[in-house]
Amino acid sequence: MSAHNSQAVERYRNDFLREVEERVEEGQWVKMCMQCGVCAGSCPFGPHWQHSPQKLFMMIRAGKRQEVLSSDSMWMCTSCYNCVVRCPRQLPITHIMHGLASYAHRLGLAPKSQPTREFATMFWNNLAKKGRVNELKLTLALYFKDGLVSGIKTALGMQSIGLGMVKAKRLNPMEILGGHGLKDLKGFHAIIAKAREIEDKKKGLVS
Amino acid sequence: MKASIATNQTILVVGGGIGGMTAALEAAECGKQVILVEKNPTLGGRTALLYRYFPKMCHPTCGLEINLRRLKGNRRLRVLTQAEVTEVSGRNGDYTVKLKLSPRYVNENCTACGECALAVSGQMPNPYDYGLSQIKLAYLPHAMAYPQRYVLDPAIIGTADAEKANSACKYGAIDLAMKEETIELKVGSVIWATGWKPYDAAKIQPYGYDRFANVITSVEFERLADPHGPTGGKLLRPSDGAPAKNIAFIQCAGSRDENHLRHCSRICCMASLKQTQYVREAYGDDCKSTIYYIDIRAIDRFEDFYRKVQQDPTVGFVKSKVARIAQNENGSLILHGVDTEGYHRYATEHDLVVLAIGMEPEANGIKLPDDIVVDSSGFIEGSKDGGQFGAGAAASPTDVNRSVQSATAAALRAIQVVHKTAAVEVA
Ligand SMILES: Cc1cc2nc3c(=O)[nH]c(=O)nc-3n(C[C@H](O)[C@H](O)[C@H](O)COP(=O)(O)OP(=O)(O)OC[C@H]3O[C@@H](n4cnc5c(N)ncnc54)[C@H](O)[C@@H]3O)c2cc1C
Ligand code: SF4
Ligand code: SF4
């Protein structure tokens, strides 16, 4: 159990709804859900994931902490906003889905090899290093995430697109040598650290 | 023309539905002078357009007939139809009200023989069938209309039809020279019993009311079931006239929805439960009604009615707000959603979909006096100076029974206001 997770379990005991309200982005909306089912029926991904928003909100109220935070459903949200425009209670469902995903990730409870999570982590680490996205490195890291063989295969398959992007100056092969970044890197890292500190304090997360 | 036809001790009731008629009668029977104004050519309001009443399943004729009899026998009550309030000024106990009277083009000589209607050929969508049928430009609104007098629609004026109607009338009842009039009244208190209207179903985009012929509203379904209605009481699909035997009722269509009406309309659960019994009445066991609902709100004694309908094997319940509707080649509709009891995804086909449409205050859209306080949905609470009151479905979404109760309460309050006025005038 991660330190964050033990602290949360200790603090909220059986009141998972309160935990969500205090710590998940837009979590205070969950109690407004009237279980009408419109979001579940409106989601284009609906048939392909286990827990619709409707179901997740009910599970939160039922205190199913482990099931909710380890669910991979909120990671599948494509931000189409279909549910948000139809929800009769105007819950910001999309934002809650992302809030849940990010909270589960923070506590270390999100499913390990969930592709969205993997990519998001990769993206963030790439960006946080220099304050700029190194697209070449990001792409390669993504191709090779499942090992050398599958990486080479994917890279070969995408070759023509890659070359096209180089030609159109959308991809710089020289980025492999380290790539461009912000001038004041130290300042940038300090900003990120401070932002995280403020955010954690707001949510009551120990660091 | 300007005329003063009342005093400060008069009570004005705006709206001649079951609520307004009740408020007017209760006050008049207590000895007060009452003026009842109705914007349509007939009293009766929306109840006159229902096929049967829950919970007893009697016809609306009963209730209306009794009220009309009381009304005809009362000298203190004056009824003005085709009359609309355009302005209220003054204060509690001393209001001046401006009324616009639209011409009927038919005077008191009319015997309702109907010769004028036979003579004219022009037609318009029938507002008393929610536009599902056509009505002649010379018409009697409906069988229960009060006054029992024909009306010429303004569109007829200046056409050959107007002359035809005029010469067909054997009683000299048609007066094509009638003009719009404005009159002014002095009254002590005003009761707003302006009622409700169905929410605009086309705004509920995923249900396709504006795209799919076989998606209709509950008020239209009342007309289909009514023997005086557009199909002679047969439950037929608008697209092809085929019998609709597998019908879906969608609850909270517009209601309880921050994107549409934020309130619960309170009567639509009962209305749909009632309407399943129209289906049974039409087809016996050879039919299926399915109610899609968030939760059924059959308040207090209506619970018994709900229980009874639950026992009916032709009626099914799905706890789910339908997410969207699609139409297939033969005009049938596929309802998509997820039910809350088990979270099962469904895509179910029905012949006809009835939207249990929400009730919106009819007064949304008209300009009320500045002093009037309305709630967040536009239902009328009353005036700040305590001399005007809301009643019936104008004050909150209600069934007939509660509309009448609230109208009686409003009558009592208005009587208290004019009593005070009387005391001041004597002193
Ligand atoms: C599908 C459906 C089925 C229903 N079935 C039932 C049932 O079975 N049993 C039951 O108890 N209830 C039923 N109801 C509810 C019922 O229709 C209402 O309770 C009833 O109409 C309320 O009467 P009212 O007089 O308050 O309002 P209304 O009937 O709306 O009457 C208001 C009157 O005021 C007039 N008016 C409006 N504005 C003005 C103005 N500015 N100036 C002058 N006049 C004006 C209108 O023309 C109208 O005549 C049903 C409702 C629906 C939607
Ligand atoms: S649409 Fe809104 S109210 Fe309905 S189940 Fe989803 S979140 Fe809850
Ligand atoms: S009465 Fe029923 S259908 Fe109507 S708004 Fe309320 S819950 Fe919905």
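Just so you know, all these numbers are worked out from the coordinates, no wet-lab data involved. Given the structure is predicted, the values throughout are model-derived calculations rather than measurements. Virtual Cβ from ideal backbone geometry, glycine too; neighbours counted across all protein chains shown.
Computed values, structure above
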quantity	calculated
Mean Kyte hydropathy of -0.5 or more with a Cα span along the axis of at least 27 Å, helices from DSSP in chain B	B:400-426
Lys/Arg +1, Asp/Glu -1 at C-beta; the protein assembly as shown dipole; positive extreme among A:90, B:270, B:190	A:90
Acute angle (nearest 10 degrees) that the helix A:3-12 long axis makes with the longest principal axis of chain A, alpha-carbon atoms	20
Pairs beyond 20 Å (Cα-Cα), from A:55/B:319; A:112/A:145; B:39/B:274; B:39/B:197	B:39/B:274
Dimensions (Å) - the protein assembly as shown, Cα atoms, principal axes, largest first	102, 65, 54
Neighbour-count order for B:370, B:312, fewest beta carbons within 10 angstrom listed first	B:370, B:312
CD proxy at 222 nm, helix term only [per DSSP H run n ≥ 4: -39500 (n - 2.57); per residue of the protein assembly as shown; nearest 500]	-10500 deg cm²/dmol
Chain A, dipole about Cα centre (Lys/Arg Cβ +1, Asp/Glu Cβ -1), debye to the nearest 20	340
Spin-label model distance (nm) - residue A:197 vs residue A:149, 7 Å beyond Cα toward Cβ	4.9
Antiparallel %, DSSP beta bridges [both residues in chain B], to 5	55
Pairwise FRET efficiency - residue A:15 versus residue A:189, Cβ, R0 = 25 Å, nearest 0.05	0.10
Antiparallel DSSP beta bridges within segment B:200-357, percent to nearest 5	40
Rounded D (µm²/s) - segment B:200-357, Kirkwood Rh over Cα pairs, Stokes-Einstein at 10 °C, 1.306 mPa s	101
Qualifying aspartates and glutamates (Cα of each under 20 Å from Cα of residue B:234; at least 8 residues distant if same chain)	B:129, B:220, B:222, B:226, B:281, B:285, B:286, B:351
Mean separation of Cα contacts under 8 Å (6+ apart) over length of segment B:115-168, as relative contact order %	40
Rounded to the nearest 20 debye, dipole of segment A:1-96 from Cβ charges on Lys, Arg, Asp, Glu	260
Residues in segment A:110-135 reached by a label modelled at residue A:180 [backbone nitrogen below 15 Å; 7 Å Cα→Cβ]	A:130-135
In nm, spacing of pseudo-spin labels at residue B:163 and residue B:307 (7 Å Cα→C-beta vector)	6.8
Alpha-carbon spread of chain B, three principal axes, descending order, Å	72, 52, 33
Part-to-part distance (alpha-carbon centres) for segment A:71-94 and segment B:297-334, which is given in Å	26
Residue B:72/residue B:171 FRET efficiency (R0 30 Å; Cβ-Cβ; nearest 0.05)	0.90
Mean Cα-pair separation over length for segment A:115-197, i.e. relative contact order, pairs under 8 Å, 6 or more apart, %	32
Residue among A:140, A:125, A:156 farthest towards the positive dipole end of segment A:115-197, charges placed on Cβ	A:125
The protein assembly as shown - charge dipole about Cα centre, Lys and Arg +1 at Cβ, Asp and Glu -1, debye rounded to 20	1800
Percent of Cα pairs exceeding the 19 Å cut-off, where the set is segment A:115-197	48
Packing-based exposure ordering (other Cβ within 10 Å, fewest first) of B:406, B:272	B:406, B:272
Most mobile listed residue (B:240, B:161, B:153) in chain B, GNM with C-alpha springs under 10 Å	B:240
